[in-house]
1. What number goes with the only condition from (1) open to solvent by 80 Å² or more (accessible area, probe 1.4 Å); (2) among the charged types (D, E, K, R); (3) farther than 29 Å from Met4 by Cα; (4) in contact (Cβ under 8 Å) with a residue 24 or more places away in the chain that Arg89 does not pass?
2. For region 1-37, how many residues meet the condition of being under 17 Å from Gln63 (Cα atoms) and open to solvent by less than 70 Å² (accessible area, probe 1.4 Å)?
3. Do we find that Gln66 is surrounded by fewer than 17 Cβ atoms within 10 Å (Cβ to Cβ), at pLDDT 95 or above and over 27 Å from Ala107 (Cα atoms) in this structure?
4. Taking interchain pairs and intrachain pairs at least six residues apart, which have beta carbon atoms under 6 angstrom, with the first residue in region 30-50 and within 8 Å of Gly18 (Cα to Cα) and the second open to solvent by 10 Å² or more (accessible area, probe 1.4 Å) and at pLDDT 95 or above?
5. Mind checking whether some residue in region 62-77 is of a type in the set (Asp, Glu) and either touching a residue at least 60 places away in the same chain (Cβ under 8 Å) or more than 20 Å from Ala47 (Cβ to Cβ) (or both)?
6. Scan Gln57, Gln77 and give me the residue that is open to solvent by 30 Å² or more (accessible area, probe 1.4 Å), at pLDDT below 95 and closer than 30 Å to Met4 by Cβ.
7. Can you give me the ranges of the helices (runs of 4 or more DSSP H) entirely in region 37-113 with at least 1 residues that are of a type in the set (Val, Ile, Thr) and out of contact with any Ser or Thr (no Cβ under 7 Å at 6 or more places or on another chain)?
8. Only one residue in Gln77, Gln92, Gln97 is under 15 Å from the mean Cα position of the chain (by Cα) and of a type in the set (S, T, N, Q). Which one?
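The values are calculated or read from the model by the stated rules, or taken from the named source; none is laboratory data. Just so we're clear, the structure is a prediction, and the values are computed from it rather than from any experiment. Ideal geometry is used to build each Cβ from the backbone, glycine not excepted, and the neighbour counts take in all protein chains shown. The area values use the complete protein model at the heavy-atom level, side chains included, leaving out ligands, DNA and RNA. Shrake-Rupley method; radii C 1.70, N 1.55, O 1.52, S 1.80 Å.
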Amino acid sequence: MSDMSLKPVEQTLLLLLGWVQLQCAQPGRARTFFEALLSAEPRQRDARKALVVALLQLDLGAQAQQHCEQLLADGEQDPALWACLSRARQLQGQLEQARADYEHFLALRDTHA
């Protein structure tokens, strides 16, 4: 665990800088900002969710899956997380589980609409 703690404004700044990099099609750079934020604030859910997006754009399915599973274990309720988990498993060739995860996403999305 890190001894470093960030002020809320610093957390927001790192998160926004990461999102700007994603918008500029620079997922590797975005990953750096999100991982920096998570190293100081491991419970920062928004950074972890954004990191999943960057990892998927980098085709790093195993790492994306780990972060998806961490978010689920932490009680994240966003149905889109299941779509991300599906894509992470697809990248790893786990097609049956990817299909099941995507079906779960569709069912949750329909109930949350």
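1. So the condition that Arg89 fails would be (1).
2. Residues meeting the conditions: 8.
3. On the way: surrounded by fewer than 17 Cβ atoms within 10 Å (Cβ to Cβ): yes; at pLDDT 95 or above: yes; over 27 Å from Ala107 (Cα atoms): no.
When the stated conditions are applied, Gln66 does not pass them.
4. These pairs meet every condition: Ala30/Gln21; Ala30/Leu22; Phe33/Leu14; Phe33/Leu17.
5. Narrowing region 62-77 to residues of a type in the set (Asp, Glu): 69, 74, 76.
Those still in the list that are either touching a residue at least 60 places away in the same chain (Cβ under 8 Å) or more than 20 Å from Ala47 (Cβ to Cβ) (or both) too: none.
No: zero hits.
6. Of the residues listed, the single one that is open to solvent by 30 Å² or more (accessible area, probe 1.4 Å), at pLDDT below 95 and closer than 30 Å to Met4 by Cβ is Gln77.
7. Helices (runs of 4 or more DSSP H) meeting the threshold: 45-57, 95-112.
8. Gln77
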